[in-house]
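Here's the structure, in structure tokens; my notes come after.
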Amino acid sequence: MFYEDFKELISESVPKERLTFDYTHPEFDRDQKYIVDCRINGMPKPLYLFAILNDSKCKDVMISMYQFERWGVKYNSVSIFEDQETINRRVLAKFSDIGEKQFSSLLSNKDRINKYLLEQIGIKY
């Protein structure tokens with residue numbers, strides 16, 4: 001249900017022509033190992049949005065971000081947790097070193113997420 005809520009919120013906030021769900025980098029990731037839950041284009045650096053449900057997904061996102069860094073991919077990250085309080089403290093501490101903008105919970109931050117995304121893509125809230 002969390003991923004469906006994530007997709008619904010993003011789809012309601014951002015014009016569809018700017019969205020790519022389940023994005024993989026066409027040049028560097030031909031095996032499609034490093035999946036971005038949603039890419040928002042139309043800016044000098046695209047936004048990579050990650051929906052984080054649990055420790056495992058948090059670690060996977062962290063690995064992807066490090067790989068993008070290694071490849072020299074330019075982007076801004078936005079991580080949206082189902083409930084950040086359920087993530088292991090050590091995992092979250094490591095994640096915080098590489099993750100940029102974070103929202104601790106989708107449900108309690110819908111308006112903030114919407115406002116943030118609209119500001120990032122240049123649409124007045």
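From most to least packed by mean Cβ count within 10 Å, the peptides 81-90, 59-68 give 59-68, 81-90.
Consider a paramagnetic label point 7 Å from the Cα of S56 along Cα→Cβ; state which residues of the range 79-112 have an amide N under 18 Å from it. Of the residues in the range 79-112, 81-84, 86-89, 91-92 have backbone N under 18 Å from the label point off S56. Overall, the ratio between the Cα radius of gyration of the range 2-121 and 2.2 N^0.38 Å, rounded to two decimals, is 0.99. Cross-link pairs exceeding 30 Å in C-alpha to C-alpha distance, out of K94/K124; K59/K124; K101/K124; K33/K101; K74/K94, comprise K94/K124; K59/K124. Look at where the Cα atoms of the range 1-53 and of the range 61-122 average out, and the two centres are 12 Å apart.
Between C38 and D22, Y23, L49, the built amide H atoms are under 5 Å apart, and every one of these is 5 or more places off in sequence or on another chain.
Read-outs: derived from the displayed coordinates by stated rules, not from any lab. Values in this document were obtained by computation on a predicted structure and should not be read as measured data. Reconstructed Cβ throughout: ideal geometry from the backbone, glycine too, with neighbour counts over all protein chains shown.
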